[in-house]
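The values are calculated or read from the model by the stated rules, or taken from the named source; none is laboratory data. All values reported here derive from a predicted model rather than from experimental measurement. Methodologically, a virtual Cβ is constructed for each residue, glycine included, from the backbone with ideal geometry; neighbour enumeration extends over all protein chains shown.
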Amino acid sequence: DAKTTQPNSMESNEEEPVHLPCNHSTISGTDYIHWYRQLPSQGPEYVIHGLTSNVNNRMASLAIAEDRKSSTLILHRATLRDAAVYYCILWAFYTGGFKTIFGAGTRLFVKA
Amino acid sequence: GAVVSQHPSWVICKSGTSVKIECRSLDFQATTMFWYRQFPKQSLMLMATSNEGSKATYEQGVEKDKFLINHASLTLSTLTVTSAHPEDSSFYICSAVLGTEQFFGPGTRLTVL
């Protein structure tokens, strides 16, 4: 199964940018890179996804390395509400379908 | 955005009983849904892939006779935990796929006494 590796935790100050890294060295050519975040006792919330090119949306930016073996989620101005566990996952395609496997995630702490 | 609901949001049951959890895509049709379980302070663990009109595909180590999955329509998948035991207590989360996006339900907390 395609795996991702993320730091266990990161800390940021409010109003500052945050760069959350993810390694996925076993990624296949058709695997999408997805980012979700989860608050306690809630389901994961979609943040952003991409395949090869960098992506921007209202929540964040996703920078994908040229070899696609790593990516970085960028929160441009962290707020207290951004404190959550961030998961980088791969959509791994196989014959007959695909599946998504979660890694351990990064717990982001935001200081006021 | 697309919405996925789960029912119930929490359930407490006695050991040996069966519990059914529903996952619905409210404003879209989903050929594929996933079921995950999550223990405290741990990541989500994929249990099975549910495809409408066909048998679910279970991950290694997940007992298909204990965790029955039915995806009878394009908007509903159900997970039944049969003969539940305290070790089955967990947070169960479903997700539904729309295009290249995956939308998650709010989760169901199961407590088996």
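Hey, can you tell me all the residues within segment B:25-68 that are farther than 30 Å from A:Asn8 by Cβ and either of a type in the set (Gly, Ala, Ser) or buried (at least 23 other Cβ atoms within 10 Å of the Cβ) (or both)?
Within segment B:25-68, B:Ser25, B:Ala30, B:Ser50, B:Gly53, B:Ser54, B:Ala56 qualify.
Residues that are surrounded by fewer than 19 Cβ atoms within 10 Å (Cβ to Cβ) and in contact with a Phe, Trp or Tyr (Cβ under 7 Å, 6 or more places away or on another chain) within segment A:50-68 comprise just one, A:Leu51. Looking only at segment B:98-106, decide whether some residue is in contact with a strand residue (DSSP E or B) (Cβ under 7 Å, 6 or more places away or on another chain), touching a residue at least 12 places away in the same chain (Cβ under 8 Å) and of a type in the set (A, V, I, L, M). No: segment B:98-106 contains no residue that is in contact with a strand residue (DSSP E or B) (Cβ under 7 Å, 6 or more places away or on another chain), touching a residue at least 12 places away in the same chain (Cβ under 8 Å) and of a type in the set (A, V, I, L, M).
When A:Tyr46 is tested against the conditions (1) of a type in the set (Phe, Trp, Tyr); (2) in contact (Cβ under 8 Å) with a residue 24 or more places away in the chain; (3) under 22 Å from B:Gly105 (Cα atoms), the lone failure is (2). Could you tell me whether any residue of segment A:78-86 is within 14 Å of chain B (Cβ to nearest Cβ) and within 10 Å of the chain's Cα centre (by Cα)? Among the residues of segment A:78-86, at least one is within 14 Å of chain B (Cβ to nearest Cβ) and within 10 Å of the chain's Cα centre (by Cα), which makes the answer yes. Which of the residues that make up segment A:8-26 are surrounded by 15 or more Cβ atoms within 10 Å (Cβ to Cβ) and over 11 Å from A:Ser71 (Cα atoms)? Those that are surrounded by 15 or more Cβ atoms within 10 Å (Cβ to Cβ) and over 11 Å from A:Ser71 (Cα atoms): A:Met10, A:Ser12, A:Val18. Within segment A:56-76, the set of residues being at pLDDT 95 or above and touching a strand residue (DSSP E or B) at 6+ places or on another chain (Cβ under 6 Å) comprises A:Ala60, A:Ser61, A:Leu62, A:Ala63, A:Ile64, A:Ser70, A:Ser71, A:Thr72, A:Leu73, A:Ile74, A:Leu75. Scan segment A:11-39 for residues that are modelled with pLDDT of 95 or more and either in contact with a helix residue (DSSP H, G or I) (Cβ under 6 Å, 6 or more places away or on another chain) or of a type in the set (Asp, Glu) (or both) and the total you get is 4.
Results for (1) under 14 Å from the mean Cα position of the chain (by Cα); (2) at pLDDT 95 or above; (3) within 11 Å of chain A (Cβ to nearest Cβ), shown as yes or no for each residue.
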{"residue": "B:Cys13", "(1), (2), (3)": "no, yes, no"}
{"residue": "B:Arg24", "(1), (2), (3)": "yes, yes, no"}
{"residue": "B:Asp27", "(1), (2), (3)": "no, no, no"}
{"residue": "B:Thr32", "(1), (2), (3)": "yes, no, yes"}
{"residue": "B:Tyr36", "(1), (2), (3)": "yes, yes, yes"}
{"residue": "B:Ser50", "(1), (2), (3)": "yes, no, yes"}
{"residue": "B:Lys64", "(1), (2), (3)": "yes, no, no"}
{"residue": "B:Asn70", "(1), (2), (3)": "yes, no, no"}
{"residue": "B:Thr78", "(1), (2), (3)": "yes, yes, no"}
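When B:Pro86 is tested against (1) over 16 Å from B:Val4 (Cα atoms); (2) crowded, with 17+ Cβ neighbours inside 10 Å; (3) touching a residue at least 40 places away in the same chain (Cβ under 8 Å), only condition (2) is not met. On the stretch given as segment B:86-103, residues that are more than 24 Å from B:Cys13 (Cα to Cα) and at the interface with chain A (Cβ under 7 Å from one of its Cβ atoms) total 4.
Where strands (runs of 3 or more DSSP E) fall wholly inside segment A:1-75, the ranges with 2 or more residues that are more than 14 Å from chain B (Cβ to nearest Cβ) are A:9-13, A:18-23, A:61-64, A:70-75.
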